[in-house]
Amino acid sequence: MKTKLLALVLALGIFLCGCEVAVSYGPEPSTPGLDADSTGTNILTVHYIDVGQADCALLETDGQYVLIDGGNKEDGQLVISYLQQQGVEELEAVVCTHAHEDHVGGLPSVLAVFPAKAVYSPTKTYSSKVYDDFMYYVDQQGLEVTIPSPGDSFLLGQTRLTILGPTQSYAETNDTSIIVLAEFLNTRFLFTGDMEAAAENDMLDYWGDDFDWNVDVLKVGHHGSDTSSGYRFVYETDPEYAIISVGEGNSYGHPHESVTSRYSDAGIPMFRTDTLGHIRVTSDGYEIAITWENQSAQPSDVESAGTLYIGNKKSKKLHIPACSSLPGESNRVEFDTYEDAVAAGYTPCGSCMG
């Protein structure tokens, strides 16, 4: 199932006054089809809030809301203001994908203002002040953190949110990220936290070959770090569009060139908060429209990265040219695309391709 993007760029106004952020969307588009400024019944809107080098997404449908992550601690007031501008008074659920500060940091401020009906997190304890603050405000609301299991699901209006991972216990906090699949009629959105490639593969194995991983919109894992978005995961999910929540000029070098090349090579347009600002994706269940804040910017162009894949004829392992474990010349076979290599029975090298 694939959907058609209605190319809509709306003029947005943003006004800064202290901690207040007001976002207003411009005139209705003339493009036929889905009205990207629609609200109400039978519309799902996903707001990828620009919180810099952090993550925060708001799902909205039928006057109900779910918040996934809350940015850094200093983003708390920005997130509150953004939610207020959308008319949020109560949250059906808050999902803290994992305990790192750039995901949980703004949630204490949010929970101090907005009542929530449920809170999900992969753990009830973590050694950090900001996570203690998060648990304090959960307790203040008389709630208990729910640690979900794979397959758990709940409804937001007509949208079903299903927990797909993590499928194992991990010592690495990033790998404990709660993975959420949101399905609204024929459209699907996947939220990946900071899960890294080995845990991505564990999750793919857990659900098996019969599970349909294909999604329309993928929130790219770990801000585009080269530790996430393994080749297998990118090609299994095969998204129509990729959203990267990332800070401009960040010290981590996110998104990593190897990751953007991976998505580009697969023909997947990338929408980045560091260049586009707040990103809003609207679905009527069959078509989606994408709008963004920075009118002068455009999504990343999709150009073939010219990636060459090298297979080992004997081991049937697939490598990228920079791999230190390349086979000898006589034992090599070259593929233009990852999909061609997989179809020929080759599997990714664990060292160079995750």
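I need the full set of residues from the stretch 48-100 which are part of a helix (DSSP H, G or I) and among the β-branched types (Val, Ile, Thr), in order please. I'd like the intermediate steps shown before the answer.
Within the stretch 48-100, the subset part of a helix (DSSP H, G or I) is 73-85.
Of everything in the stretch 48-100, those that are part of a helix (DSSP H, G or I) and among the β-branched types (Val, Ile, Thr) turn out to be 79, 80.
Can you pull out every residue in the stretch 146-162 that is touching a residue at least 40 places away in the same chain (Cβ under 8 Å) and either under 20 Å from residue 103 (Cα atoms) or of a type in the set (Lys, Arg) (or both)?
161 - this is the single residue of the stretch 146-162 that is touching a residue at least 40 places away in the same chain (Cβ under 8 Å) and either under 20 Å from residue 103 (Cα atoms) or of a type in the set (Lys, Arg) (or both).
Would you pick out the residues in the stretch 266-277 that are surrounded by 21 or more Cβ atoms within 10 Å (Cβ to Cβ) and more than 15 Å from residue 217 (Cβ to Cβ)?
274
How many residues are out of contact with any strand residue (DSSP E or B) (no Cβ under 7 Å at 6 or more places or on another chain) and either under 22 Å from residue 221 (Cα atoms) or among the hydrophobic types (A, V, I, L, M, F, W, C) (or both) if we restrict to the stretch 75-95?
So the count comes out to 4.
Read through the list (1) exposed (fewer than 15 other Cβ atoms within 10 Å of the Cβ); (2) under 16 Å from the mean Cα position of the chain (by Cα), then give the number of the only condition that residue 330 fails.
(2)
Mind checking which residues of the stretch 249-287 are in contact with a strand residue (DSSP E or B) (Cβ under 8 Å, 6 or more places away or on another chain) and of a type in the set (Gly, Ala, Ser)?
Within the stretch 249-287, 264, 277, 283, 285 meet the criteria.
Listed here are the residues, each with its yes/no results for (1) touching a Pro at 6+ places or on another chain (Cβ under 9 Å); (2) assigned by TED's automatic domain parsing to the domain that holds residue 57; (3) surrounded by fewer than 14 Cβ atoms within 10 Å (Cβ to Cβ).
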position	(1), (2), (3)
261	no, yes, no
288	no, yes, no
313	yes, no, yes
316	no, no, yes
323	no, no, no
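For the stretch 85-135, which residues satisfy the criterion of being of a type in the set (S, T, N, Q), in contact (Cβ under 8 Å) with a residue 60 or more places away in the chain and closer than 22 Å to residue 164 by Cα? Reasoning before the result, please.
Residues of the stretch 85-135 of a type in the set (S, T, N, Q): 85-86, 97, 109, 121, 123, 125, 127-128.
Filter again for in contact (Cβ under 8 Å) with a residue 60 or more places away in the chain, leaving 85, 97.
Across the stretch 85-135, the qualifying residue is only 97.
Could you please give the count of residues in the stretch 250-285 that are more than 15 Å from residue 229 (Cβ to Cβ) and in contact with an Asp or Glu (Cβ under 6 Å, 6 or more places away or on another chain)?
Number of matching residues: 4.
For the stretch 174-192, which positions are assigned to a loop (DSSP other than H, G, I, E, B) and closer than 12 Å to residue 218 by Cβ?
Residue satisfying the conditions is 192 alone.
Are any residues in the stretch 122-173 under 19 Å from the mean Cα position of the chain (by Cα) and either on the phi > 0 side of the Ramachandran plot or part of a helix (DSSP H, G or I) (or both), and if so, which ones?
Hits for the stretch 122-173 are 151, 173.
The values are calculated or read from the model by the stated rules, or taken from the named source; none is laboratory data. Just so it is clear, the structure is predicted and the values come from calculations on it, not from any experiment. Heads up, the Cβs are rebuilt from the backbone with ideal geometry, glycines too, and the neighbour counts pull from every protein chain shown.
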